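Chemist: Mind looking over this structure? Questions follow.
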Amino acid sequence: AEEVLRAALKRDYNSHLARLYGLVRGSDPLKQLQTAEGWLKHHPADPSLLLSLGRICLQGRLWGKARDYLESSLRLERNPETCAELARLLAQLGETDRSNTLFQEGLGLLDERFLSRPLPALTKA
C-alpha cells in the first residue's frame with residue numbers, strides 16, 4: 001500500500017492521499033519519512049501532510065519530531081484527527097492537562113451529524 005500511495009503522490013500530489021500515506025506502514029519507515037519530508041519542501045502548508053509526517057514519526061518513536069509536525073498541522077487547521085494524535089502523544093509524555101484539552105477539542109470538532117444523534121433515555125436502577 002505504501003508503494004502504491006508513494007507512486008500516486010509522485011505522479012500527482014494530492015492532500016487526501018498525503019493524509020492516507022501516514023496511515024500505512026511501509027517496509028522501511030526511515031525511507032517513508034524521508035519521502036514525505038521531500039514532499040514537504042513543495043507543500044509546506046499542507047496540514048494533511050504534516051499530520052502524516054507526525055504519524056510516521058510516531059511509528060518511528062521520534063517523539064519530538066512527531067510533536068513538532070502535529071503542532072504545525074494544528075496551527076494550519078484544527079482537525080479532530082490531529083487533535084487525537086497529538087493528545088495521545090502528550091498523554092504518553094505526561095502532559096495530561098494539555099492532552100485532555102486536545103481530546104475535548106477534537107470531540108468538539110467532529111461533524112455535528114455524529115453529535116446530534118439521539119442518545120438512549122436514562123433509566124433509574
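Throughout, read-outs are computed from the coordinates displayed, never taken from laboratory work. All figures in this text were calculated on a predicted structure; none of them were measured in a lab. Neighbour counts are summed over all protein chains in view; Cβ atoms, including those assigned to glycine, are modelled from backbone coordinates with ideal geometry.
Chemist: What are the pairs with Cβ atoms under 7 angstrom where one residue, in region 55-83, is within 14 Å of residue 105 (Cα to Cα) and the other, located anywhere, is part of a loop (DSSP other than H, G, I, E, B) and hydrophobic (A, V, I, L, M, F, W, C)? Sequence gap at least six, or different chains.
Modeler: Within 7 Å, the pairs are 80/110.
Chemist: Among the residues of region 74-82, is there at least one that is closer than 24 Å to residue 1 by Cβ, surrounded by 11 or more Cβ atoms within 10 Å (Cβ to Cβ) and of a type in the set (Lys, Arg)?
Modeler: no
Chemist: Could you list all residues from region 78-96 that are touching a Ser or Thr at 6+ places or on another chain (Cβ under 8 Å) and not in a helix (DSSP H, G or I)?
Modeler: Result: 79, single match.
Chemist: Listed residues 95, 85; which is of a type in the set (D, E, K, R) and surrounded by fewer than 18 Cβ atoms within 10 Å (Cβ to Cβ)?
Modeler: Values: 85 fails: surrounded by fewer than 18 Cβ atoms within 10 Å (Cβ to Cβ).
Answer to the selection: 95.
Chemist: Is it the case that residue 55 is under 29 Å from residue 32 (Cα atoms) and out of contact with any Lys or Arg (no Cβ under 7 Å at 6 or more places or on another chain)? I'd like the intermediate steps shown before the answer.
Modeler: Values: under 29 Å from residue 32 (Cα atoms): yes; out of contact with any Lys or Arg (no Cβ under 7 Å at 6 or more places or on another chain): yes.
Yes.
Chemist: Let me ask something else about it. Residues of region 1-34 being surrounded by 14 or more Cβ atoms within 10 Å (Cβ to Cβ) and closer than 23 Å to residue 89 by Cα, which ones?
Modeler: Within region 1-34, 18, 19, 20, 21, 22, 23, 24, 26, 29, 32, 33 meet the criteria.
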